[in-house]
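Comments concern the structure below.
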Amino acid sequence: MFKIGFLIVLALSTNLVASYEYSDKSLGNIAIEAGIWKSDLDGNINNYLNTTDFNNDLGYTNDKNINTFALDLKNDFKWLPNIRVDYFKLNNSESSILTSTKNINGTSLNGSVSSIIDYSEINAILYGYLAQGPFEFDLGLNLKKIDFEQEITENILNGKKITIKGPSSIVPLPYCAIKLNINAIDTVLAVETSMLSIGDTEAKDYKYSISYRVMRHMYITYGYRYNSFKSKNSNTINNEKYDVKVKGNYLNVKILF
C-alpha cells in the first residue's frame, strides 16, 4: 500500500514543475532521438535445482548493437506533465555446449543447445521540469513495458525446447534526472535513473551522458546505459526466476523541432 501511495504522489508532483522552455525561443518543444547502443547481455535462469548462466552456459559473450529511438514532448503548462517515450529492441541468438545437465521449466537439457532472445522495452516517462541556474531537475513516473521471450533448444533431432516469458504487466517506476548545462561550451552533462521492486518483479535503469550541441537544432550524445529486470518465468514450474541485464555505451543524435 505504501508503494502504491508513493507512486500516486509522485505522479501528481509532476504537475508542480512541468513547465518547460528552451533557452532559444525559436526552438519548438519536440525532440527526436535515434542512436546505437553497443550492449553486453548478461543474466541467469534460476530455480531450486540449478542456475543457468547466459554467458557461461548459453554462450552470450559477444556485444550486440541495438537501435534505440526516443520522442520527447514538452509543454508550457504547469498542470500538464511532459512526456518522453523511449524504445529499444534486442534480437540475439547463440549456440553453446552445456557442461552439465540443466533443468529449465521442468525440462532437462543436455549437450549442444541454441538460444534465441527477443527482448524489447518501452519506457513512457511522465515528468516535471525545474531549472535552477545551470542545473535542470526532472522528477516523474516511468511506465515500463517489458516484452521478453527466450527459446532454448537442444541441437539434436527432435531435441527438447523450452520457452521463457517475461512480465506481462506494465511496471511503474519513479524517475529522476539531473542535468548540468554548460552553455559556454554547448555541453550538457546528465544522469538519469528509474528503479523499483514490486512483488516478484524488479526493474532498474540508469544513464550517464555527455551531449554536445553541434548545430542550432542538433545534439550528439555519448554515454553509458544499464537496463535490468528480475521476474518469475510466467511458464514456471520449479519456482523459476530469471535475471536479465543489458549494459554498454551508446551514441545518440537528438534533433529539436
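What follows is calculated from the coordinates using simple rules that are stated; it is not laboratory data. Just so we're clear, the structure is a prediction, and the values are computed from it rather than from any experiment.
Amide H contacts under 5 Å for Leu49: none, restricted to partners 5 or more places along the chain or on a different chain, H placed in the peptide plane at 1.01 Å from N.
Legend: distances between Cα atoms for Lys38/Lys230; Lys64/Lys204; Lys78/Lys165; pairs beyond 30 Å are Lys78/Lys165.
With only the Cα atoms considered, the chain has a convex hull volume of 120 Å³ per residue.
Dividing the helix sum by the residues of the chain, where each DSSP H run of 4 or more adds -39500 (n - 2.57), gives a mean residue ellipticity at 222 nm of -1500 deg cm²/dmol.
Per residue, the average separation of C-alpha pairs within less than 8 Å and at least 6 apart gives region 2-256 a relative contact order of 20 percent.
The angle between the Cα long axis of helix 2-13 and the longest principal axis of the Cα atoms of the chain comes to about 30 degrees, rounded to the nearest 10.
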